[in-house]
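Every number in this text was worked out from the coordinates using simple rules, so none of it is lab data. Quick caveat, the model's predicted, so the values are computed rather than measured. Heads up, the Cβs are rebuilt from the backbone with ideal geometry, glycines too, and the neighbour counts pull from every protein chain shown.
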Amino acid sequence: MPSKYVHTEVEGRKLKLSNLDKLIYPEAGVAKAEIIQYYLSIAPLLLKHIKGRPLTLIRFPDGITKQQFYAKSKPDWTPDWVDYYGISHSEETIKYIVAQDTATVVWLANLAALELHPMQMVTQAIEHPDHFIFDLDPPENGDFEIVKSIAFTLKDFLISYGYTPFVKTSGSKGLHIYVPILPEYTHEEMVESVKALAKIFVSQNKESSTLAMNKEKRAGKTLIDIFRNHMAHTTVAPYSLRGKSGAPISFPVTWDKAAQLTHSKEITIRNYQELLDEHGDVWADFYEHAAPLHNKKGQAAEVSPEIEAKLKDYIAKRDFDTTPEPSLAPVLGKGNQFCIQLHDAQNLHYDLRLEKDGVLLSWAIPKGLPHKSGLKRMAIQTEAHPMKYLSFEGVIPKGQYGAGNMWVWTKGTFEWLGQSESKYKFRLTSPGFNRSFSMFRTKDSQWLVEMIENRDTNKISLPLKPMLAGVSKKVPLGPHYIYEIKWDGIRTIIHLLEDEVTIYSRSGRDISKQFPELLDPDHFDVESGIFDGEIVTLDEQGRPLFSNIISRMHTQGEVGIGSVMKRYPAVCYLFDCLELDGKTVTDEPLSRRQAWLNSAIKKGKPYKMSEAIKDGKGLWQATKQMDLEGIMAKDIAAPYKINQRSDAWLKVKHRTTEVCYIAGFTRGEGDRATLFGALHLLKSDKNGDMRYMGKVGTGFDSQKMKILLDKFQPLIIEEKPFAEKTDDDSTSTWMKPEISCEIQFASLASSGVYREPVFQKLVDNII
């Protein structure tokens with residue numbers, strides 16, 4: 001039985017952790033607590049490669065020197081909230097665990113499931129793998145330099161076939177090369193293609209590589225292991241630990257870094273952070289490089305005269321020497337693909353594209369597809385687009401047709417529910433988006449579109465509690481971070497719904513009436529959305545004044561609110577987007593959410609984008625000089641976690657240390673009923689006069705408080721030793737201001753008292 005349990009909560013899930021001090025890697029001195037902390041911190045990156053995929057686990061409950069357990073089926077005592085997926089094998093159906101969130105990753109770490117081995121497909125598309133793998137396994141006592149040489153040769157070989165290869169350490173002996181592919185092929189088709197590739201490569205590199213699984217037949221050559229590409233086979237996940245000495249990680253690296261490696265176990269739980277800080281998530285765009293299988297490209301529909309005629313208007317409107325848009329090229333169609341693109345051109349709008357007869361029928365929808373029944377939206381049919389436009393994103397240059405930013409808002413497959421010359425009915429299905437629509441032509445290129453049914457399962461309920469940040473004592477550095485000013489105001493969730501704006505406080509209270517200037521829906525270029533931000537009032541230098549925004553919050557009555565609004569106009573700095581025009585976007589990376597948010601805000605209005613920059617050190621120094629509270633560091637690839645605290649966001653505050661005199665203490669309540677509540681503080685100015693600086697009520701535990709009370713007793717007096725009036729005059733005990741203490745504080749309030757003071761110690765260091 002475990003000697004000790006620790007109860008914690010991760011993303012709203014309650015977990016019971018056990019044996020945190022047990023050494024799992026005895027030689028390296030790595031206990032289970034460190035393993036859990038690693039998986040908790042790496043989860044945002046790890047989940048990109050295991051989320052939604054059936055997992056095989058290798059568990060080491062008593063450490064890597066003891067018995068290991070190879071586990072496929074989920075245990076009977078698995079919590080209800082842990083997802084699973086059943087796959088039928090020859091004699092049984094195995095219920096594989098499927099990690100959907102950070103809580104599941106931590107739960108697996110607590111099981112000492114050091115190694116996580118996902119399959120090459122997600123459960124939503126179980127028949128279609130989205131990558132293939134080459135495992136380069138050196139012979140016994142093989143030279144790692146030879147493995148690297150083969151890896152680089154294989155890299156160039158794969159590129160020549162139109163693929164984009166990625167590399168990671170295996171965490172054991174060799175290297176793993178991953179290749180993203182379009183999830184349009186069966187496992188059998190993928191395996192057939194990989195075998196064909198491998199045979200060609202080995203035939204060209206007979207002296208150094210082999211496909212022979214039998215060790216006796218390898219003759220000292222490096223094995224190009226392709227057999228793990230079969231449907232039920234697995235490979236250790238990117239960012240997974242390995243059950244090997246030294247606590248190595250199967251870690252994604254750049255090709256430049258791969259050239260510098262001396263062995264496959266070089267990156268470990270103890271040194272990975274330095275590499276991550278320097279390079280960031282080097283596989284961040286892995287799935288954006290998905291390519292068709294090389295031996296299936298020839299099956300793409302040729303550009304027939306009929307298709308070329310359909311695309312005549314598209315070609316005529318574009319200069320392909322200038323625009324990055326796809327030109328006419330043969331592409332394998334499936335007949336049922338769609339995309340919706342957000343297009344920030346002269347006017348922000350959405351483009352709907354449906355595959356039909358080898359091209360994409362296209363409509364510009366100014367206000368976006370309707371997201372509730374009964375609502376009709378105008379759609380203007382434009383020229384047909386080529387199939388490659390399904391995944392097009394980029395900036396169309398000025399002077400070109402449709403100039404502006406374009407993003408894929410969502411893409412997937414659709415089903416015709418009915419079609420005629422002037423009327424279409426269809427169902428669109430993509431991650432987080434499952435809706436049916438009816439479209440009918442009203443005149444020439446003008447159509448009306450109406451939603452028939454909304455089956456989305458990830459809708460956001462309001463009010464909600466926003467994502468919260470972790471704390472860092474120094475500015476975290478790395479290419480995966482962006483940095484923003486930490487605004488000193490009121491955290492809010494803004495809900496735009498057509499002709500109405502509702503403002504919620506951090507606790508979920510409706511505070512809309514306090515800020516009339518923020519309630520005009522015309523401040524936005526979109527019809528609906530849920531945004532995260534901070535409401536502030538600014539001084540002449542553009543710095544937030546917390547006391548003024550608090551005054552706005554506490555003012556009551558229409559006349560009073562109108563008056564204080566004129567004196568202290570509010571600005572809302574937005575920094576995140578949770579929903580846009582009816583689609584939940586919390587799983588999108590922060591960089592994309594912020595780009596969409598920026599395009600949704602009209603310029604010159606009281607809503608402004610909280611500008612993000614890449615120079616964290618520069619922003620840190622600038623905010624210090626401006627006497628601002630601090631900065632936020634955010635992982636550009638991280639999702640938004642509603643009502644959760646995450647280290648994907650880190651707040652770094654400027655805090656000043658000063659020495660003050662203790663002039664008394666307030667009456668304690670609750671657990672502090674026999675102690676005190678807070679300490680009154682005085683500070684000596686340059687003339688030697690004492691000035692009241694407010695109270696400090698944090699930074700000490702009950703033991704410190706008892707020691708302080710004993711020291712206070714000889715100094716207690718009847719008369720207050722300063723002139724300023726406080727809210728606690730009647731419940732305070734006063735002292736001669738002879739004991740000094742050190743405190744830290746965030747800034748000075750407009751009244752001159754400390755903001756967010758924290759007790760550090762008495763200056764004589766007794767406590």
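For every other residue with a beta carbon closer than 12 angstrom to the beta carbon of Arg353, add +1 if it is Lys or Arg and -1 if Asp or Glu, then tell me the sum.
Once positives and negatives cancel, what remains is 0.
Counting other C-beta atoms within 10 Å, and keeping those with at most 12, which DSSP coil GluC sites (Glu not before Pro) do you find in segment 530-616?
Passing sites in segment 530-616 are Glu540.
Any chance you could list the semi-axes, whole Å, largest first, of the equivalent ellipsoid that the Cα gyration tensor gives for segment 104-239, using √(5λ)?
After scaling each eigenvalue by five and taking roots: 25, 20, 13 Å.
Arrange Tyr401, Tyr573, Tyr25 by Cβ neighbour counts within 10 Å, fewest through most, would you? Write down the numbers at each step before the final one.
Values: Tyr401 14, Tyr573 19, Tyr25 26.
Ascending number of Cβ neighbours within 10 Å: Tyr401, Tyr573, Tyr25.
I need two numbers for segment 656-762: Rg to one decimal and Dmax as a whole number, Cα atoms only, in Å.
Radius of gyration, then largest Cα-Cα span, for segment 656-762: 12.9, 40 Å.
Can you list the residues, at least 5 places off or on another chain, whose amide H is less than 5 Å from the amide H of Ile739, using H built in the peptide plane?
Ile662
Select from Cys577, Leu375, Ile94 the residue farthest towards the positive end of the dipole of the chain; place +1 on Cβ of Lys and Arg, -1 on Cβ of Asp and Glu, and compute about the Cα centre.
Sorting the options by dipole projection puts first Ile94.
Restricted to Cα positions, what overall size does segment 311-398 have along the principal axes? Three whole-Å values, descending.
42, 33, 20
Considering only DSSP states other than H, G, I, E and B, which GluC sites (Glu not before Pro) in segment 390-421 qualify as loop sites with at most 10 other Cβ atoms within 10 Å? Intermediate values should be presented prior to the final figure.
Numbers: sites: Glu393, Glu415, Glu421; in loops: Glu393, Glu421.
Answer in residue order: Glu421.
What lysines does Lys486 reach when the alpha-carbon gap must be under 16 Å and sequence neighbours fewer than 8 apart in one chain are set aside?
Lys473, Lys474, Lys608, Lys614, Lys617, Lys624, Lys634, Lys651, Lys653
Which whole-number percentage describes the relative contact order of segment 10-102, with Cα contacts under 8 Å and a sequence gap of 6 or more?
27 percent
Calculate how steeply helix 590-600 sits against the longest principal axis of the alpha-carbon atoms of the chain, using the helix alpha-carbon long axis, and give the answer as 0 to 90 degrees to the nearest 10.
For helix 590-600, the angle is close to 80 degrees.
Sorting Ile482, Ile530 on the 10 Å Cβ count, fewest up front, what's the list?
Ile482, Ile530
Beyond 11 Å, what share of the Cα-Cα pairs of segment 671-714 is found? Please give it as a whole percent. All intermediate terms of the calculation are to be shown ahead of the outcome.
Values: 676 of 946 pairs.
Within segment 671-714, distances greater than 11 Å cover 71 percent of Cα pairs.
Given that compact globular proteins tend to follow 2.2 N^0.38 Å, what is the ratio of the alpha-carbon Rg of segment 468-652 to that value?
Normalised by 2.2 N^0.38 Å, the Cα Rg of segment 468-652 equals 1.01.
Could you bin all the Cα-Cα distances of segment 5-118 into 5 Å bins starting at 0 and give me the percent of pairs in each, rounded to whole numbers?
Spelled out bin by bin, segment 5-118 gives 2, 12, 22, 24, 21, 12, 5, 2, 0 percent.
Can you list the aspartates and glutamates whose alpha carbon is less than 13 Å from that of Lys459, not counting same-chain residues fewer than 8 positions off?
Within the straight-line cut-off, Lys459 pairs with Glu579, Asp581, Asp587.
Mind putting a number on the dipole of segment 2-83 about its Cα centre? Charges go on the C-beta only, +1 for Lys and Arg and -1 for Asp and Glu, and I need it in Debye to the nearest 20.
Once rounded to the nearest 20, the dipole reads 180 debye.
Suppose every K and R has +1 on its Cβ and every D and E has -1 on its Cβ; what is the size of the dipole of segment 1-144 about the Cα centre, in Debye to the nearest 20?
620 debye
Mind listing the phi-derived Karplus ³J(HN,Hα) values for segment 392-398, rounded to whole Hz, using 6.51, -1.76 and 1.60 with θ = phi - 60°, and x for any glycine or proline?
6, 9, x, 10, 7, x, 4
Total Lys pairs in segment 656-762 closer than 12 Å by alpha-carbon, pairs eight or more apart in sequence or interchain only?
Taking the Cα cut-off of 12 Å, the pair count is 4.
From the convex hull of the Cα coordinates of the chain, what is the mean projected area in square nanometres?
41.4 nm²
How charged is the neighbourhood of Ser250? Take every other residue with its Cβ under 12 Å from the Cβ of Ser250, and add Lys/Arg as +1 and Asp/Glu as -1.
Around Ser250, the charge tally is +2.
Using the count of nearby Cβ atoms within 10 Å as a rough guide to exposure, how do Trp649, Trp255 rank from fewest to most?
Trp255, Trp649
Would you please name the trypsin sites (Lys or Arg not before Pro) within segment 472-508 that are DSSP coil residues with at most 13 other C-beta atoms within 10 Å of their C-beta?
Working: sites: Lys473, Lys474, Lys486, Arg491, Arg506; in loops: Lys473, Lys474, Lys486, Arg506.
Of the trypsin sites (Lys or Arg not before Pro), the ones in loops of segment 472-508 whose Cβ has at most 13 other Cβ atoms within 10 Å are Lys473, Lys474.
What percent does the relative contact order of segment 696-752 come to when contacts are Cα pairs within less than 8 Å and at least six residues apart?
So the answer I get is 30 percent.
Got a sec to turn the phi values of segment 185-198 into Karplus ³J(HN,Hα) couplings, 6.51 cos²θ - 1.76 cosθ + 1.60 with θ = phi - 60°, whole Hz, x for Gly and Pro?
Result, rounded to whole Hz: 10, 6, 4, 5, 5, 5, 4, 4, 5, 5, 4, 4, 4, 4.
Can you run phi through the Karplus equation (6.51, -1.76, 1.60; θ = phi - 60°) for segment 54-68 and list ³J(HN,Hα) in whole Hz, with x for Gly and Pro?
x, 10, 9, 10, 10, 9, 10, x, 10, x, 6, 8, 9, 5, 9
Take the alpha-carbon centre of segment 109-164, take the same for segment 367-390, and report the distance between them in whole Å.
40 Å
Taking the mean number of other Cβ atoms within 10 Å as a proxy for protection, how do you rank 166-175, 514-523 from highest to lowest?
Values: 166-175: 23.2, 514-523: 16.2.
Highest to lowest by the protection proxy: 166-175, 514-523.
Would you grab the residues whose amide H sits under 5 Å from the one on Asp83? Only those 5+ places off in sequence or on another chain, please, with H modelled 1.01 Å from N.
HN-HN under 5 Å from Asp83: Val98, Gln100.
How many angstrom lie between the Cα centre of segment 722-767 and the Cα centre of segment 641-676?
Their Cα centres are 13 Å away from one another.
Straight distance only, please: which lysines reach the Cα of Lys32 with their own Cα at less than 16 Å, same-chain residues fewer than 8 apart left out?
Lys4, Lys16, Lys22, Lys66, Lys244
For Leu675, list long-range residues whose amide hydrogen, built 1.01 Å from N in the peptide plane, is under 5 Å from its own amide hydrogen.
Gly668
May I ask which residue of Thr502, Thr674, Ile50 lies farthest towards the positive end of the charge dipole of the chain, with charges of +1 (Lys, Arg) and -1 (Asp, Glu) on Cβ and the Cα centre as origin?
Thr674
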